[in-house]
Amino acid sequence: MTRESTARTDPSSGERDRYAVAVVGGGIAGLSASAFTARAGLETVVLDAGESILRRNAHLENFPGFPAGVNARLLLDMLGDQVENAGAERREATVAAVENRDDGFAVETADGERYHADYVIAATKNETSYLDGIDGVGIIDRGKAFVDTDERGRTGVDGLYAAGRLAEKPHQAVVCAGHGAEVAVTLLEEADRGFYHDWVAPEGYFTDRGREVPPGCEEIDDAERERREAESLDAMREYFAEPHPDEQVTHPSLREEDE
């Protein structure tokens, strides 16, 4: 199924904006998914209540690319910046309800703001109440609530996906990041965007072999490659110049005991 979208304000409907993709949850699965959908050219908004479980992690180990581990809050900050650089919008909001309509989905926040989206990716850890009342969404109760999906995050509703822990993926950050990306690629395929490579290739990699540059790819020359590498090094030096300023987040039950 393909749903077309134009991101715009629609005063007549009472909805604040229209998007191709609304991602509910700003943890590692939701941010990973939105990086792919935004970079592929779909208007994407991330609605983030700011409660990613990853913020409770004292030091994240086993995440690829960080031999000595990495501050989990810093990783989320970097991924959030990457999402915005890809073109997605991020808004602080708690989603209260999602309504399935003939022309897509209406997403309502606890503050009463409404968004329209052609696709929704649910990526909250175990919160499912905003999906209540949507026919075709299966909720699995294993002491905590999960959304019933196939391996690629599809629910029983066209255009509605779940990613990461909500889709019963393991706690590991890298698994949830990978599943968020897989769900996004699944969405792109079903949005009729074709196979999405997501490569930046050396100049001539495709064209010198008589091939068109595939969707999601680009070719760059040596000067542009060196410029991007220098920009990347500068950014990483800035990210890691000082310890992360945020305080360690603890489990909610421990915070209640402290009070």
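The values are calculated or read from the model by the stated rules, or taken from the named source; none is laboratory data. For clarity, every value in this text was computed on a predicted model and none was experimentally measured. A quick note on method: Cβ atoms are made from the backbone with ideal geometry, for glycine too, and the neighbour counts reach across all protein chains shown. For the accessible areas, the whole protein counts, side chains as well, though only heavy atoms, and no ligand, DNA or RNA atoms are used. Shrake-Rupley method; radii C 1.70, N 1.55, O 1.52, S 1.80 Å.
Computed values, structure above
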| quantity | calculated |
| --- | --- |
| Out of L47, L54, L76, sole residue that is open to solvent by less than 10 Å² (accessible area, probe 1.4 Å), out of contact with any strand residue (DSSP E or B) (no Cβ under 6 Å at 6 or more places or on another chain) and within 29 Å of S129 (Cβ to Cβ) | L76 |
| Strands (runs of 3 or more DSSP E) wholly inside segment 41-157 that include at least 2 residues being without any contact (Cβ under 8 Å) to a residue 60 or more places away in the chain | 44-48, 89-92, 95-101, 139-141, 145-147 |
| Segment 203-246 - residue that is open to solvent by 80 Å² or more (accessible area, probe 1.4 Å), touching a residue at least 12 places away in the same chain (Cβ under 8 Å) and over 27 Å from the mean Cα position of the chain (by Cα) and, of those, nearest to L75 (Cα to Cα) | D222 |
| Close pairs from segment 166-191: first without any contact (Cβ under 8 Å) to a residue 24 or more places away in the chain, partner assigned to a helix (DSSP H, G or I) and hydroxyl-bearing (S, T, Y), Cβ under 7 Å, at least 6 apart | none |
| Condition met for V137 (within 15 Å of A167 (Cβ to Cβ) and modelled with pLDDT of 95 or more) | yes |
| Residues of segment 187-202 satisfying the condition of being of a type outside the set (G, A, S), on the phi > 0 side of the Ramachandran plot and loosely packed, with under 13 Cβ neighbours inside 10 Å | D192 |
| Scope segment 139-172; condition over 19 Å from L187 (Cβ atoms) and touching a strand residue (DSSP E or B) at 6+ places or on another chain (Cβ under 6 Å); matching residues | I139, I140, A145, F146 |
| Hits in segment 92-115 (condition: open to solvent by less than 50 Å² (accessible area, probe 1.4 Å), farther than 20 Å from R193 by Cβ and not small (G, A, S)) | V95, V98, V107, T109, Y115 |
| Filter result for the condition that a residue is closer than 30 Å to G159 by Cβ and of a type in the set (G, A, S), over G180, G210, G204 | G180 |
